[in-house]
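The values are calculated or read from the model by the stated rules, or taken from the named source; none is laboratory data. What you are looking at is a predicted structure, and each value in this text was computed from that prediction instead of being measured. Cβ placement follows ideal geometry from the backbone for every residue including glycine, while neighbour counts extend to all protein chains displayed.
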Amino acid sequence: MPTTKKPAVKKPAAKTAVKNPAAQKTAAAKKPVAPNKAAKPTAKKPAGPIQVEAIDAHPEFDLFTYCELSGETRIEHDLLEELEPRFDGWAEKYLRAYKITDPAAPGDGGHLLIWLEEPVEDEIEGVWQDSPSAGMSFHNLAIHMVMSAAQNVVPELADKGCAPLPKPTAGILKAFEKLGLVWNKEGTVNRQFAVFTRMPYSDGCGICMLRPKCPNASDD
């Protein structure tokens, strides 16, 4: 007998997923978003220790500069013979110069501190008692010395004609104490003839504590 083949039954085609953009957006909206992790604050590097270093400052007596400082056009020969030996003697015995570096201070933290020891003040006071005019001459000589010493270390001060006075940091104040000096709120130390300024030169009048009262202040 001939056999009759049964017709093949077709299997239903597999359903393919139909992409639905709207459904995908809805699903994405429902998916929780992980919160951004807060960035860890960068730890500040601890500032290094204050450094106090004695340096050589070589002031030079300049007659023209001294006359300009004193407001004189000429100096008597007898007075000149007294000024120069005192200048050399004070520089050798009583002039002190230090570089103080505080890493916590602006810039590289370098500062220059120069002063004349108390015996110079006592000597000038003694001369003043006998002759106020001579005492003033030696007073101006001491000012000329500390400024000349500062200009020798920081040459830019010569062009400016003054030394900008910065406000010392807490670390520098402690360095003052170790050197036997006391800082006053007025912007002076307990030595009559002294210079405190930045080293190397920077910022000029912009950092000077005396700017509000200085007639020569400028926007440099």
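Can you work out which of the residues in the stretch 102-117 that are buried (at least 22 other Cβ atoms within 10 Å of the Cβ) and among the hydrophobic types (A, V, I, L, M, F, W, C) is farthest from the chain's Cα centre (by Cα)? Filtering first and then ranking leaves L116. Looking across V182, V127, V120, V146, one residue alone is among the aliphatic types (A, V, I, L, M), surrounded by fewer than 16 Cβ atoms within 10 Å (Cβ to Cβ) and farther than 19 Å from I207 by Cα. It is V182.
Which one is farthest from D122 (Cα to Cα) among residues in the stretch 170-194 that are assigned to a helix (DSSP H, G or I) and touching a strand residue (DSSP E or B) at 6+ places or on another chain (Cβ under 8 Å)? So the residue we want is I172. Just give me the residues in the stretch 209-220 being over 22 Å from A142 (Cα atoms) and either at pLDDT 90 or above or surrounded by 13 or more Cβ atoms within 10 Å (Cβ to Cβ) (or both), in sequence order. The answer is M209, R211, A217. Is it true that A158 is in contact (Cβ under 8 Å) with a residue 40 or more places away in the chain and not in a loop (DSSP other than H, G, I, E, B)? Taking the combined requirement at face value, the residue does not satisfy it.
For (1) part of a helix (DSSP H, G or I); (2) within 20 Å of the chain's Cα centre (by Cα); (3) over 29 Å from P103 (Cβ atoms); (4) touching a residue at least 40 places away in the same chain (Cβ under 8 Å), each residue gets a yes or a no:
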position: E125; (1), (2), (3), (4): yes, no, yes, no
position: L165; (1), (2), (3), (4): no, yes, no, yes
position: F196; (1), (2), (3), (4): no, yes, no, yes
position: C205; (1), (2), (3), (4): yes, yes, no, yes
position: P212; (1), (2), (3), (4): yes, yes, no, no
position: S218; (1), (2), (3), (4): no, yes, yes, no
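Residues that are within 16 Å of the chain's Cα centre (by Cα) and at negative phi within the stretch 175-194 comprise A175, F176, listed in sequence order. Of all the listed residues (F196, F176, F138), the sole one being modelled with pLDDT of 90 or more, closer than 28 Å to D88 by Cα and in contact with an Asp or Glu (Cβ under 8 Å, 6 or more places away or on another chain) is F138. Within the set K93, K99, the sole residue that is under 20 Å from V154 (Cβ atoms), at pLDDT 95 or above, surrounded by 11 or more Cβ atoms within 10 Å (Cβ to Cβ) and among the charged types (D, E, K, R) turns out to be K99.
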